[in-house]
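Report on the following structure.
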Amino acid sequence: MTALLPPSTNHHYRGARAAAWFLALYGVGWIVPGMIHSFLPDGGAGTIAGLDLGNNPALIIGLFAWAGATQITHGMVTLAVALHYRTLVPLFLLVSLLERSLLSWSAWVGRAQPGVHHPPEHYASLILIPVVLLFLLLALRPAAIQPGGPR
């Protein structure tokens, strides 16, 4: 089993504990929408995002299910890093910051269309950019040594 899940690296992590816990919450934040996209009858496309499913609802629902599968997987790996491989927390927060920045750019600038409805994820990405950046900075800053052993 150690070939699949090597020993924990938590004892080598020097960043703030709060950054690792934020990343765990962020991982859950990937899994929940992924399950919605994978298992809700319309993948949340109409019921949550408010999209018009148009002439080809099967295509849109299929794309949402595909996105859901990747979200669940991404969330599980993010959760494993936050809980068991904390030396990778800064890297995962950096990737998350880049991802949220690209998502926001596409939604609001690069592919933005005036008057088009924005799903909740577009707003969440804008809010998460500064939050992820804050926790990235905390993960990069060495935390004070705390009594009681490994974090």
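Restricting LEU83, LEU23, LEU79 to those that are in a helix (DSSP H, G or I), in contact (Cβ under 8 Å) with a residue 40 or more places away in the chain, open to solvent by 60 Å² or more (accessible area, probe 1.4 Å) and within 30 Å of LEU138 (Cβ to Cβ) reduces the list to LEU83.
In the stretch 86-124, of all residues being without any contact (Cβ under 8 Å) to a residue 24 or more places away in the chain and among the polar types (S, T, N, Q), the one that is surrounded by the fewest Cβ atoms within 10 Å (Cβ to Cβ) corresponds to GLN113. When you look at ILE36, is it open to solvent by 40 Å² or more (accessible area, probe 1.4 Å) and modelled with pLDDT under 90, yes or no? When the stated conditions are applied, ILE36 does not pass them. Among the residues making up the stretch 60-86, none is under 19 Å from GLY50 (Cβ atoms) and among the hydroxyl-bearing types (Ser, Thr, Tyr). Which of the residues belonging to the stretch 52-75 are surrounded by 14 or more Cβ atoms within 10 Å (Cβ to Cβ) and in contact with a helix residue (DSSP H, G or I) (Cβ under 7 Å, 6 or more places away or on another chain)? Correct list: LEU53, PHE64, ALA65, ALA67, GLY68, GLN71, ILE72, HIS74, GLY75.
The values are calculated or read from the model by the stated rules, or taken from the named source; none is laboratory data. The model shown is predicted, which means the values in this text are computed figures rather than measured ones. Using ideal geometry, Cβ is built from the backbone for each residue, glycine included, and neighbour counts are taken over all protein chains shown. For accessibility, only protein heavy atoms count, side chains too; no ligands or nucleic acids. Shrake-Rupley method; radii C 1.70, N 1.55, O 1.52, S 1.80 Å.
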